[in-house]
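In what follows, a structure is listed as structure tokens, so that the remarks can point back to it.
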Amino acid sequence: MKEKIGFVPQNDYLLPNLTVRETLDYAASLRLPASIDKPTKLRIVDQVLGELSLTDAADTVVGGFGGLRKGISGGERRRLSIACILVSLPSVIILDEPTSGLDAFTAYQLLLTLSELAKRNRTVILSLHQPRSDAFNLFTRLLVLSKGSVVYSGLTKKCLPWFSRLGLDPEQGVNPLDFLIDVSSMEVGDESKRDASKSRMERLVNAWREDGEGYSTEKNIRWSRRISKDIQKGPSEQATHNNTLKLLFMAQEGDPSLRRPGIISQTSTLTSRSNKNTLRNYGQTLGYSFQAIVIGVMLGVSYYRLGESPTDIQSLKTLCFQYMAAYFYLTNVYSIYRYCNELVVFDRERQDHLYKVLPWLISEVLSNLSINVFFPSLFAVIVYFMIGLRTSPLAQSLFILIAECILVQLGSIGFSLVSASMVREFASASLMANGISIFFFLSAGYSILKPPVYVNWIKYISVYWYGFRITAISQFKGRVFACENVPRDSVAANQCIGDQVLIGLRINPKEPLWRYFVPLLCLVIGLYALGGALLAFWKPGGVKHAAKLGSRNGKEALPESDMDIIRQRVDVEVKG
């Protein structure tokens, strides 16, 4: 069934940094069966671009994501959303209020486009509100509902005569579609108007229930026969030379030739798509650059050229913790914002069963790996040399700090993914993440050296606890500070010995760094795995459409359909 019906939701769920053509190329790669070769998919994309008048905008980026990048117009975005479904060559296209949010002219042009699609032997079903009067004749058939009950279902040209039989005629110059909405809706106002409209609605429902089937039976039979003849013809003559398309149209449900790409192909396609979307996100790149440079310089100025006095040693202890709160908190907030925007695309495509969670998760990590390595490394280098951290051994200590920053960065993003996977609204997800992060920071081992037993376990799931210990050990272990003018037999002299500083922080100076690096790496993997599990099994809401066909939930059953839902011939011209 999913191969035969295409559903277009009311809102547009598109990646902002891809061009129109790239968006359709990736949609075709994910939606079309694996049995169709690449050249054929590209030809299908070219034809869909032409059908929906998107050829001139084919190389324009989509735009969006908070308006940070100018892209295509609202009407073009809506047509692109429809095109993403059309590349799978569905026999039936269902659209949920496709004209919502568009001006009258753009909405009418969209309806004209859909009318042309219907003339190419596609069945187009859509819900509509406040259409223009000249849109009435674009529809072949109408279904009019009143509080979920049918008051008319049949050919458009026989609709007004049906209501005329019941004594309801539109006034001169009134939009026929507005007339249908008015007569089938409950009026508001005084009680007499409500009672009159209720009585009228009951009369319409009863009239259709008693005589409606006979009113449309004759055309139903002819319509079914016409479709059956088209089905018997098979693919159009222009496409008969293409064996893969021929197999697609002739295949029955469950046929292996209808199977979509496997996990490896999904991962490759999603990684390529995500790479382009990430690398062209200039606002994100600029933001990460600003974060690394500005915060790094501000910390460098605040702790500039720390010496080896007890005061500077205390400042160094503070820095080992403070730089994480200063840098990675912003990473956490922005990543939640990004995921809350991008996961709506994931939700929409997952509901169409385009790919599994694992391929998406792998592509997400791989496509963002470069920026998640470069910018934390840049931040670590700025901080290290401006503050004058440990120079012996320089290379080893610098590498440890860079590696630790990269892992904490990945862990912060993994935690953001978990938060956005639980709640899609940015305000709620951010509030939840901030509340949990407070405990992560407090349990890191600097603000509170010995947390209560009942919250002490939190440190083991906090990337900041591991990061603080790695940085502190790399800076203090085996180090003896000069501490000029400090008597060696005084209490203050204990702070001049790095191992004593670590003991004061309840850190074992003999502990090897790998005992923190390995759990930190495992925690990063665990956070991404938890985020993936939530995406696979937790349904927080958002973009949802009918998951089960035929469920009535106690409502009146609609009249039996007059067309067989089997893959019909779609006129697709594939030029050699």
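When we screen 286, 330, 361 for residues that are without any contact (Cβ under 8 Å) to a residue 60 or more places away in the chain and under 23 Å from residue 432 (Cβ atoms), the only hit is 330. The numbered conditions (1) open to solvent by 40 Å² or more (accessible area, probe 1.4 Å); (2) among the hydrophobic types (A, V, I, L, M, F, W, C); (3) under 30 Å from residue 360 (Cα atoms) are all true for residue 497 except (3). The residue list 515, 469 contains one member that is open to solvent by 60 Å² or more (accessible area, probe 1.4 Å), over 30 Å from residue 357 (Cα atoms) and either of a type outside the set (A, V, I, L, M) or out of contact with any His (no Cβ under 7 Å at 6 or more places or on another chain) (or both), which is 515. Looking across the stretch 426-446, the residues that are open to solvent by 30 Å² or more (accessible area, probe 1.4 Å) and touching a helix residue (DSSP H, G or I) at 6+ places or on another chain (Cβ under 7 Å) come down to 426, 432, 439, 441, 446. In the stretch 11-35, of all residues being of a type outside the set (A, V, I, L, M, F, W, C) and more than 27 Å from residue 280 (Cα to Cα), the one that is least open to solvent (accessible area, probe 1.4 Å) corresponds to 33.
Pairing each residue of the stretch 378-393 that is open to solvent by 60 Å² or more (accessible area, probe 1.4 Å) with any residue that is in a helix (DSSP H, G or I) and polar (S, T, N, Q), provided the two are 6+ apart or on different chains, yields C-beta distances under 9 Å for 391/397.
Please enumerate the residues belonging to the stretch 275-294 that are open to solvent by 20 Å² or more (accessible area, probe 1.4 Å) and of a type outside the set (D, E, K, R).
Listed by number, the residues that qualify are 275, 279, 282, 283, 285, 286, 287, 289, 290, 293, 294.
Residues that are farther than 14 Å from residue 306 by Cβ and not in a loop (DSSP other than H, G, I, E, B) within the stretch 473-495 comprise 473, 474, 480, 491, 492, 493, 494, listed in sequence order.
Can you tell which of 165, 132, 141, 122 is open to solvent by less than 60 Å² (accessible area, probe 1.4 Å) and among the charged types (D, E, K, R)?
Working: 165 fails: open to solvent by less than 60 Å² (accessible area, probe 1.4 Å); 132 fails: open to solvent by less than 60 Å² (accessible area, probe 1.4 Å); 141 fails: open to solvent by less than 60 Å² (accessible area, probe 1.4 Å).
Answer to the check: 122.
The values are calculated or read from the model by the stated rules, or taken from the named source; none is laboratory data. Small disclaimer: the values here were computed from a predicted structure and weren't measured. No Cβ is skipped: glycine too gets one built from the backbone with ideal geometry, and neighbour counts run over all protein chains shown. Heavy atoms of the whole protein, side chains included, go into the accessibility calculation; ligands, DNA and RNA do not. Shrake-Rupley method; radii C 1.70, N 1.55, O 1.52, S 1.80 Å.
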